[in-house]
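This report refers to the structure that appears directly beneath it.
The values are calculated or read from the model by the stated rules, or taken from the named source; none is laboratory data. Everything quoted here is computed from the prediction, not taken from an experiment. Cβ placement follows ideal geometry from the backbone for every residue including glycine, while neighbour counts extend to all protein chains displayed. Ligands, DNA and RNA are excluded from the accessible area calculation, which covers all protein heavy atoms including side chains. Shrake-Rupley method; radii C 1.70, N 1.55, O 1.52, S 1.80 Å.
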Amino acid sequence: MKKLILLSAMLSAVLTTDAQQALWGGSQIVSPQTNDDNTVTFRLFAPNASKVEITGDFLPPVTVDTPYGPQQSPGTAPLSKTDDGLWQYTSSSLSPELYSYSFIVDGMRVNDPSNVYLLRDIATLTNVFLIPGAQADYYKVSDVPHGSVSKVWYPSETLGMDRRMTVYTPADYEKGDRDYPVFYLLHGSGGDENAWPELGRATQILDNMIASGKVEPMIVVMTNGNAALQAAPGESSAGFVPPTTNLPKMMDGSFEMHFPEVVKYIDSHYRTIPDKAHRAIGGLSMGGFHSMHISKQFPDMFDYVGLFSAAVNPRNGMVSEVYSDLDAKLKTQFEAKPALYWIAIGNKDFLYEENRDYRKYLDQHNFPYTYRESEDGHIWKNWRIYLTEFLPLLFR
């Protein structure tokens with residue numbers, strides 16, 4: 001009896017304590033619900049709302065004006081309200097892919113309280129869901145040998161601070177003694193060292209593709225390309241600063257000039273094959289910009305270069321030693337005959353014309369490259385696909 005009274009008292013204390021662990025939390029509403037025909041039903045209980053919409057990258061996109069020109073943005077669709085205050089929407093049949101979405105309730109963007117799976121893209125949190133099959137199976141956690149992911153701090157004398165990067169080592173790295181090639185994978189504007197392993201599903205892609213034999217086992221280094229920051233927002237001594245794309249030293253040559261410090265650190269702390277033939281660099285948007293300029297600034301460092309929806313030209317007339325003498329530096333780089341120079345972009349990307357002009361330049365100078373054009377715009381869907389296509393080409 002005393003035990004029963006004690007248990008009752010403990011339970012009462014838990015239920016009435018502020019900031020309690022959410023043992024009895026969660027919603028009974030199922031959202032999102034993937035149906036047998038790959039349609040997806042979304043639900044939100046909002047009895048006092050007058051209008052509820054959903055926005056997500058599974059909906060037909062709309063074009064919006066931005067400081068960089070017209071860009072595609074996720075479309076919206078209305079939810080229907082039932083008599084009990086439940087709002088509901090069912091999508092069309094969706095292709096296998098990792099999708100993101102949010103609700104808009106009377107003009108306010110909110111996340112789905114029934115879905116705990118969220119990703120941060122710069123300053124925006126969105127819910128995510130996966131339709132399995134085909135390409136999307138690369139993005140799943142599968143029953144295969146898994147690599148390790150480490151958040152690694154390294155000193156940078158050039159930038160005057162300790163900085164953090166994410167390092168993937170393949171399965172059995174810790175158990176063996178072999179040396180590995182290294183791929184440096186760079187994020188876009190507003191991103192950080194968490195972008196590729198989270199939004200890009202790089203860890204799952206690497207595990208699955210290495211296990212299938214389609215990709216050589218390799219070390220993958222995902223840096224923070226914001227030269228003024230130590231690490232991702234909220235994960236450095238700067239504290240809980242708001243994430244933003246308005247950062248100093250993003251594309252002014254600072255990150256590019258400090259990059260040999262990253263390579264030196266990796267070669268001295270990991271079992272690498274420390275030569276050009278066993279190094280690759282690639283990235284999306286700003287990361288493609290960095291990859292282009294790092295690879296030509298240090299032409300003896302990387303034999304494989306990947307530009308995913310890359311910015312090409314310095315912004316706002318930025319002047320740096322890194323961006324000077326483009327003709328001479330590219331000539332030196334291509335005279336060394338890189339094993340692969342790979343360019344990919346969506347046909348609706350706001351950087352499409354910039355990439356087209358760069359390809360014309362390469363053609364005029366007889367600099368060889370491989371080109372991949374896809375549908376859609378400046379979106380993670382494309383960059384995940386590009387990664388799965390670029391990786392099998394490395395170190396063969």
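Here are some notes:
- Sorted largest first by accessible area at a 1.4 angstrom probe radius, with every protein chain in place, the residues Trp380, Trp153 fall in the order Trp153, Trp380.
- Global geometry of segment 51-130, whether rounded, prolate or oblate, following the gyration tensor of its Cα atoms and the 1.5 cut on a/c: prolate
- Calculated mean residue ellipticity at 222 nm for the chain: -7000 deg cm²/dmol, from DSSP H runs with n ≥ 4 weighted as -39500 (n - 2.57), summed, divided by the residue count and rounded to 500.
- Fluctuation leader among Pro47, Pro61, Pro170 - the chain, Gaussian network, Cα springs under 10 angstrom: Pro47
- For Gln333, neighbours were defined as the other residues whose beta-carbon sits under 10 Å from its Cβ, and their charges (Lys and Arg +1, Asp and Glu -1) total +2.
- Heavy atoms of the protein chains alone define the surface here; on that basis segment 142-218 has 39 Å² accessible area per residue at 1.4 Å probe size.
- For segment 32-90, the square roots of the Cα gyration tensor eigenvalues, ordered a ≥ b ≥ c, give a/c of at least 1.5 with a/b no greater than b/c, which places it in the oblate category.
- Scanning the chain for GluC sites (Glu not before Pro) that sit in a DSSP loop and have at most 15 other Cβ atoms within 10 Å, the longest stretch containing none of them is 175-374.
- For segment 311-370, the solvent-accessible area works out to 54 Å² per residue, with a probe of 1.4 Å and every protein chain left in place.
- Compactness of segment 244-287 was expressed as the Cα radius of gyration divided by 2.2 N^0.38 Å, which yields 1.41.
- Angle of helix 2-16 to the longest C-alpha principal axis of the chain, folded into 0 to 90 degrees and rounded to 10: 60°.
- Acute angle (nearest 10 degrees) that the helix 202-211 long axis makes with the longest principal axis of the chain, alpha-carbon atoms: 70 degrees
- Per principal axis, descending, Cα span of segment 303-396 in whole Å: 37, 34, 22
- Percent accessible area from carbon and sulfur atoms, the chain, protein chains only, probe 1.4 Å: 54 percent
- In percent, rounded to a whole number, the relative contact order of segment 85-144 is 37, using alpha-carbon pairs under 8 Å and six or more apart.
- Span from the segment 243-312 Cα centroid across to the segment 72-142 one, whole angstrom: 33 Å
- Residue order by solvent-accessible surface for Met108, Met286, Met318 is Met108, Met318, Met286, largest first, with ligands and nucleic acids left out and a 1.4 Å probe.
- Comparing Ala211, Ala310, Ala49 in a Gaussian network model of the chain where C-alpha atoms under 10 Å apart are linked, the largest mean-square fluctuation is found at Ala49.
- With 25 Å as the limit on Cα-Cα distance, the pairs of Lys249/Lys337; Lys151/Lys348; Lys214/Lys348; Lys151/Lys175 that go past it are Lys249/Lys337; Lys151/Lys348; Lys214/Lys348.
- About its Cα centre, the chain has a charge dipole of approximately 460 debye under the convention of +1 per Lys or Arg Cβ and -1 per Asp or Glu Cβ, with nothing else charged.
- Nearest 10 degrees, 0 to 90: helix 254-269 Cα axis against the chain principal axis: 80 degrees
- Contact order for the chain, expressed relative to its length and based on alpha carbon pairs under 8 Å spaced 6+ residues apart, stands at 12 percent.
- Rg/Rh (Cα only; Kirkwood hydrodynamic radius) as it applies to segment 191-286: 0.99
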